[in-house]
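A short write-up of the structure that comes next.
The values are calculated or read from the model by the stated rules, or taken from the named source; none is laboratory data. Just so we're clear, the structure is a prediction, and the values are computed from it rather than from any experiment. Please note: Cβ atoms are built from the backbone with ideal geometry, for glycine as well, and neighbour counts cover all protein chains shown. Heads up: the accessible areas ignore ligands, DNA and RNA and are worked out on the full protein's heavy atoms, side chains in. Shrake-Rupley method; radii C 1.70, N 1.55, O 1.52, S 1.80 Å.
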Amino acid sequence: MKKTLLADRFGAKLLGADRTRFRLWAPGQRAMSVELEPGRPQAAVVPMQAKRDGWFEAEARCGAGTRYRYRLEDGSSIPDPASRMQDGDVHDASVVVDPAAYRWRHARWRGRPWSETVIYELHAGLLGGFQGVRSHLPRLAELGVTAIELMPIADFPGPRNWGYDGVLPYAPDRAYGTPEDLKALIDDAHGLGLMVFLDVVYNHFGPDGNYLHAYAPSFFREDVQTPWGPAIDFRRKPVREFFTGNAVYWLQEYRFDGLRFDAVHAIAEQDWLEEMANVVRLSTDRQRHVHLVIEHDGNAVSLLEHEFDAQWNDDGHHVLHRLLTGENQGYYRDYDDQPARQLARCLAEGFVYQGEPSPHREGKPRGKPSAHLPPTSFVLFLQNHDQIGNRALGERLQTLVRQQGRTQALKAAVALLLLAPQIPLIFMGEEYGAETPFLYFTSHGPELAEAVREGRRKEFASFAEFADAGAAIPDPNDAATFEASRRDIFEARDEWPAYYQALLSCRRDVLVPHLDSARALGAEAVGPEAVKARWSLGDGRAWAIYANFDNAPVAVDPPPAAATLLFESSPEAARSLRQGTLAPACTVAWMEAETP
């Protein structure tokens, strides 16, 4: 398969130094044209030739840097839905880009195996755009991170956004930098041995700047509604190819090492996911390590049995959050009954819910059996953008546990996260013990901003602490909300950075070399908030973790006398465990002989 074949079918493709082909799928139009350099003295209009099945095409004498728009039958003009770069924001003209302009310095980079992955999720805007992210790469490599994951960067309205309101999936947002700036970031990361993943959103478009309804209404289906409106119609070949081409485009042209697919449970045609992943695999150099990760609320095991490497393990997060904070509202209801037992199942089998009824979902069954999957099929985390930012006040876990006097329990949870065989994810700043909130922020126009503001207040009106104080919820559109989310994130607190570094060093040196062979030997609750889990490493040895999040000690069977201590989250925890007591708020990791 020719590289970027599907991506080349959409938008402006540079054919030569002064020749560009434009292609657009506009089944709702009878005639189309391309406006070149609109609003400038050298402006020109080039008619597009109607092709079969709603396609329009034109070639024009213009090169990289040319601004353009598509003109509809009614005389209105729109940016290119497959724009590679905007001349400003989402409503402005698109720009012809030369994909070969950037000269890669680390062209021989082939990525890293999935088993070596330690993900660091970050928001490029909060770090100062692509150039700002580059400045953090050396310290992240030194910390022990092996992959950074950028929250969505597809062009969104205004300068501030989480990224999930993107409307131009092929265009990096100009608030973060140019395509060359993004490539330089990825190039630098590769030079430091870091992979770069991208969070992509294929389940919806944002509410501002999406013109598809005007010229391609069949891009959507009115008979299926999502939380964002009519569903994208993945039954249609051009729609499937638009997004499949986008996935291949990021991996090939920008040399991303992997993609995280947002909320794929909201895509009605689940078969497209398998089709897309298969195209990605076939179009990628076999010598490269390319990783595909999904977010799926339904715990869809079948996707993990084929072309996808892993799924974000929300179950793991939720039960750990319940154990650390005691919260049991919303979806945390599902983890309020015997949470230690649920955590044990998560460590041994991956998902907590494997077909059981979910109280939060009014008793509907959720999930499929997952015990046959390897531990690396699951991405585990204590925090991420959703679990912090979807809180009304954006409190980080460090803030919540400090308020309850449970910081030692958090340290135990961090040790479990980084030493368990599941793939760990760290959210930016947690390695510093940051308490800076991560708030929900946008930069919409006045009308949409008010709708978002009121929607946010209604969302939390059922929570007692906000029922009479809706105004206390930060305004997403206020620039101060964005600024509050970036203040003092990377100021070291106590020994947190050294603690993370020590854990990641242990993971790299002792666990990772055997992770491909790791399989669960079993896990059990050994106390109200305590678990023991063991994994075979495939070489006659077993990796064992004892974790207690309670403020009280727990009596347990001690590890074998020949077991080797690998890590203890608090002093004397290992000695206490050898005497048959799992100390309060601690995690201890051992290497043992593999026995039943």
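Using the reciprocal of the averaged 1/r over all distinct C-alpha pairs, how large is the Kirkwood radius of the range 327-458 in Å? If you can, show how the numbers build up before the last one.
On the way: mean 1/r = 0.0588 Å⁻¹.
It works out to 17.0 Å.
All distinct Cα pairs of the range 443-573 go into the 1/r average, and the inverse of that average, the Kirkwood radius, is 19.9 Å.
Within the range 110-203, antiparallel bridges make up roughly 20 percent of the DSSP beta bridges whose residues both belong there.
Kirkwood radius and radius of gyration were both taken over the C-alpha atoms of the range 300-403, and their ratio Rg/Rh is 0.97. Across the accessible surface of the chain, with the other protein chains kept in place and a 1.4 Å probe, carbon and sulfur atoms take up 49 percent.
When +1 charges are put on Lys and Arg Cβ atoms and -1 charges on Asp and Glu Cβ atoms, the dipole computed for the range 324-460 relative to its Cα centre reaches about 220 debye. Annotation: the antiparallel percentage among DSSP beta bridges lying fully within the chain is about 70. Shown here is the pair-distance distribution of the range 166-220: with all Cα-Cα distances grouped in 10 Å bins from zero up to the longest one, the shares run 19, 40, 25, 13, 3 percent.
The loop-placed trypsin sites (Lys or Arg not before Pro) in the range 246-294, going by DSSP, that have at most 10 neighbouring Cβ atoms within 10 Å of their Cβ come out as 286. With a simple spin-label model that places each label point 7 Å from the Cα along the Cα-to-Cβ direction, the separation between residue 371 and residue 592 comes to 1.9 nm.
All Cα-Cα separations within the range 192-243 were binned at 10 Å from zero, giving a P(r) of 21, 51, 15, 10, 3, each value a whole percent of the pairs. Here the Kirkwood formula puts the hydrodynamic radius of the range 111-170 at 12.8 Å, using every distinct Cα pair.
What percent does the relative contact order of the range 245-392 come to when contacts are Cα pairs within less than 8 Å and at least six residues apart? Result for the range 245-392 is 21 percent. For the chain, the number of Lys pairs with C-alpha atoms closer than 28 Å, counting only pairs eight or more positions apart or on separate chains, is 15.
Each Lys and Arg adds +1 at its Cβ and each Asp and Glu adds -1 at its Cβ; summed about the Cα centre, the chain shows a dipole of about 1500 debye.
For the chain, the equivalent ellipsoid derived from the alpha-carbon gyration tensor has semi-axes of 45, 25, 22 Å in decreasing order.
Over the chain, what is the relative contact order in percent, taking alpha-carbon pairs closer than 8 angstrom and at least six residues apart? Show your work: numbers first, answer last.
On the way: 1283 pairs, mean separation 63.7, N = 596.
With pairs under 8 Å counted, the relative contact order is 11 percent.
Nearest 0.05, what FRET efficiency do residue 565 and residue 519 give at R0 = 25 Å with Cβ-Cβ as r? Between residue 565 and residue 519 the formula returns 0.65.
Once you have the alpha carbon radius of gyration of the range 323-382, what is it after dividing by 2.2 N^0.38 Å, with N set to its residue count? Could the numbers behind the result be given before it?
On the way: Rg = 11.8 Å, N = 60, 2.2 N^0.38 = 10.4 Å.
Normalised Rg, Cα atoms only: 1.13.
Pull out a ≥ b ≥ c, the square roots of the eigenvalues of the alpha-carbon gyration tensor of the range 485-530, then state rounded if a/c is under 1.5, prolate if not and a/b is larger than b/c, and oblate in the remaining case. Please list the in-between numbers first.
Details: a/c = 2.83, a/b = 1.56, b/c = 1.82.
Verdict is oblate for the range 485-530.
Taking every protein chain into account, the accessible area of the range 164-278 amounts to 28 square angstrom per residue (probe 1.4 Å).
At 20 °C and 1.002 mPa s, what whole-number value in µm²/s does Stokes-Einstein give for the translational diffusion of the range 1-58, with Rh from the Kirkwood sum over Cα pairs? All intermediate terms of the calculation are to be shown ahead of the outcome.
On the way: Rh = 12.6 Å.
In µm²/s, the coefficient is 170.
What would the Debye formula give as log10 I(q)/I(0) at q = 0.13, 0.16, 0.18, 0.20 Å⁻¹ for the alpha-carbon point model of the range 137-296, no solvent? Values returned for q = 0.13, 0.16, 0.18, 0.20 Å⁻¹ are -0.64, -0.95, -1.17, -1.39.
The packing ranking of peptides 289-295, 18-24, highest mean first, is 289-295, 18-24, where packing means the average number of other beta carbon atoms within 10 angstrom of each residue. Here the range 46-202 is treated as an ellipsoid with the same Cα gyration tensor; its semi-axes, largest first and in whole Å, are 34, 17, 14.
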